Each structure stands twice: as C-alpha cells, then as structure tokens.
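I have placed the structure first, in the form of structure tokens, so that the comments after it can refer back to it.
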Amino acid sequence: MESTMTRLRIALLAALFCSTGIYAAETPETILIRQTLGTDLSGHRRGDAELVLSSYDEHFAAYDAHGSTDPRAWTIRYESRDAFAAYLQTDLQANRYETERTIPSIQVRASVATATTIDSGRIVDRQSGAIRTIKEKRFWTLLKSEDRWRVTAVTAELGDAALAASQGATNSEITAVLEREKEGRETGDGAAILALFSEHFSGYDGRNSLNPAAWKLIFSGAEEFEKHLARRLPHVTYRIDRKIIQTQVGPQEKEAIAVTRETVTTQHASGEAQHALDRYVMWTLSKRDGSWKITNMLYNFGQPE
C-alpha cells in the first residue's frame, strides 16, 4: 500500500510540474526532493515548525558559509536536529517569511542527493514590522529512507566573499581519525578505512571548483565505497602526504569539520608509472555511539596555490 501511495504521489506531482512547463525533465526522485525542499519553505511561510522539521533527518547538521563557497571558511551552525528545532521555534515566533525558492540543481546517486537553492523575498519582524530583504544561496544533502527524502545537512549563506579561514589549534581526536584513514589507504586495509565512515556518508569530487552545483557525487554510502575499495586497493598503492589545515568541533562535540591539503601519489601494481595529485579535501564528521564517523568527504575543491 505504501509503495502504491508513493507512486501515486509522484505521478500527481509530475503532472503538476509538467503542466507548468518548468520541470519537463524531472525524474521521480527529483520530484520528491523538490517536494521535501518545498515543505521546508512552506513551513517557514506558515510559521509551522513541525512542518519544517518533517523535512529533516534524525541525523542533521547545519553549516554557515559566511558568504563564501570555499569550505575553508565554513563553520558549524547546528550540531543536531534538536538544536535546529530550538532555534526554529524562536525564529518563527519572531519573524514572518515572505520568500520564494528556486532550485537550480539537483543531483541523485542511489539513496543520497544534493541540491542548491536560492531563497529570495523578505522576512518581516512580527513585532516591529521591520523588513529584511534576502537572497540566500544554500547547499543541501539529502538521504532517502522509506520512500522519503530528508535533509541531512545544509550549508547556508553561500556567496562570493573572500576567504576568511578559521584558525587555531587542530583537534587531536579529529586528527587521529584522518591519520587512521591515511594509514588505511597506504597499507591497503579496506576494513580499517570503512570503520571510520558512517553508513550513509556522501563522497564528492569537487572538480577543482568552488561551485557546489559543479561537485559530483561519487559515493552514496559505505556499501558503494566498500565495493570501490575492494576493486582499487589490491591493484593500486598509495602514498599520502597529508597536512591538516584546520579542524573545528562544535561546542556539544557532536559535529566536526576538517580541511586537509594533501599530495596523493599512486602506482598501479601492473606498471612502474607513478601519478601525483595535489588537492584540498573537506571532511565532516559526527560523533555517533561514542566515536567519530566521517559523514561527508569532498575531494578536489578549489585550486591549490
């Protein structure tokens, strides 16, 4: 019955989108993703916190881009769905949202998806009537579970501001996780690598770009990553010179961000030629069941100087 209802809902949404002539190339998955992001917007406009939260996964984190698309400038905004819910209640009581949302890009890979959005319009202070106009770009990741797409992460306030990277000492626990990941690559220990990743993690190739819409999803969860490692590690050796540029751990120690710069040298077992790649990598991590797990891994973002 649930599958039948889901198919019916998709068909009705497809008919609606196609009737407007705007989204003729939609797939069933992108239609459902637009519905999830539309529910979030509708909840904000109605001042309905429960409706907003229905679009968000149990494991959710939010980041602030501070007007930059460079992950080296990003910081943690909310470490959990509960923290976001507490903010949302206060925000919707204080403000009325008169906003619209466009969705320039959606990318789907199995049960993981990304989207970029642009919110525009105005936010009105309910008490004073003061109006604030907005035009905000965001980058979303979503997970499909039980025929529904829910938001697992969002980065707000994307823009073209100059990089203002956070500074400070690196966190020893996060450094240790990334060191173990490096060692697993160099020793060819796939099991050791997989133990550091969450079940539904997302992996991306940034394509040397700082435009999130250009980032390509290359891994959808640990199962696909495991198959990749099984194909790769027996035939390729790695040498990694990894420098941890910065780490950030939220005050509740539930979420973390790290950025590394690394030179990766590979050699195929069947030949002598070596290939080297200099790249930035962004990692996000969550502490679940008492240990840190990698939740997002973005290779090759930007151009190393």
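Observations on the model:
- Length added when fully stretched, S111-Q127, from 0.36 nm per residue minus Cα-Cα: 1.5 nm
- In this Cβ point-charge picture (+1 for Lys and Arg, -1 for Asp and Glu), region 172-301 has a dipole of about 260 debye about its Cα centre.
- The Cβ shell under 11 Å around D82 holds other residues with a net charge of 0, Lys and Arg each +1, Asp and Glu each -1.
- Anchor K227: lysines whose Cα lies under 23 Å away (excluding residues fewer than 8 positions away in-chain): K144, K182, K216, K293
- Degrees, to the nearest 10: 172-187 long Cα axis against longest axis of the chain: 50
- Value of relative contact order over region 90-186, rounded to a whole percent, pairs C-alpha under 8 Å and six or more apart: 19
- Cα gyration tensor shape for region 189-295, rounded if a/c is under 1.5, else prolate or oblate: prolate
- Charged neighbours of E157, selected by a Cβ distance under 14 Å, balance to 0 (K, R count +1; D, E count -1).
- Centroid-to-centroid, using Cα positions, region 183-218 and region 33-99 are 26 Å apart.
- Farthest positive-ward along the chain dipole, Cα basis, beta-carbon charges - from T30, A192, I76: T30
- Each of H228, T175, L277 was scored by the projection of its Cα onto the charge dipole of region 172-301, and the greatest displacement toward the positive side belongs to L277; charges sit on the C-beta of Lys, Arg, Asp and Glu.
- Relative packing of 34-42, 130-138, which averages over residues the other C-beta atoms within 10 Å, highest first: 34-42, 130-138
- Given charges at beta-carbon only (K, R positive; D, E negative), |dipole| of the chain in Debye: 520
- Using a Gaussian network model of the chain in which every pair of alpha carbons under 10 angstrom is joined by a spring, one finds that among H44, H228, H275 the greatest mean-square fluctuation is at H275.
- Ranking T99, T141, G67 by how far each Cα lies toward the positive end of the dipole of the chain (charges on Cβ) leaves T99 at the top.
- Take every Cα pair under 8 Å whose residues are at least 6 apart in sequence, average their separation, divide by the length of region 172-301, and the relative contact order is 26 percent.
- Cα-only Debye scattering, the chain: base-10 log of I(q)/I(0) at q = 0.07, 0.15 Å⁻¹: -0.30, -1.27
- Each residue of region 118-135 is assigned a 3J(HN,Hα), and the resulting list reads 10, 9, 9, x, 9, 10, 10, 5, 5, 8, 8, x, 4, 10, 10, 7, 9, 8 Hz, derived from the Karplus form 6.51 cos²θ - 1.76 cosθ + 1.60 (θ = phi - 60°), x at Gly and Pro.
- Per-residue ellipticity at 222 nm computed for the chain from its helices equals -9500 deg cm²/dmol, with DSSP H segments shorter than 4 residues left out and the rest contributing -39,500 (n - 2.57).
- The chain, relative contact order [Cα under 8 Å, separation at least 6], %: 15
- Region 79-169, dipole about Cα centre (Lys/Arg Cβ +1, Asp/Glu Cβ -1), debye to the nearest 20: 180
- HN-Hα J in Hz across region 259-265 - Karplus 6.51, -1.76, 1.60, θ = phi - 60°, x for Gly and Pro: 10, 10, 10, 8, 10, 10, 10
- Using a Förster distance of 25 Å, the FRET efficiency for A161-K216 (Cβ separation, nearest 0.05): 0.55
Bear in mind that the values in this text are calculations on the coordinates, not laboratory data. What you are looking at is a predicted structure, and each value in this text was computed from that prediction instead of being measured. Don't worry about glycine lacking a Cβ; one is built from the backbone with ideal geometry, like all the others, and counts go over all protein chains shown.
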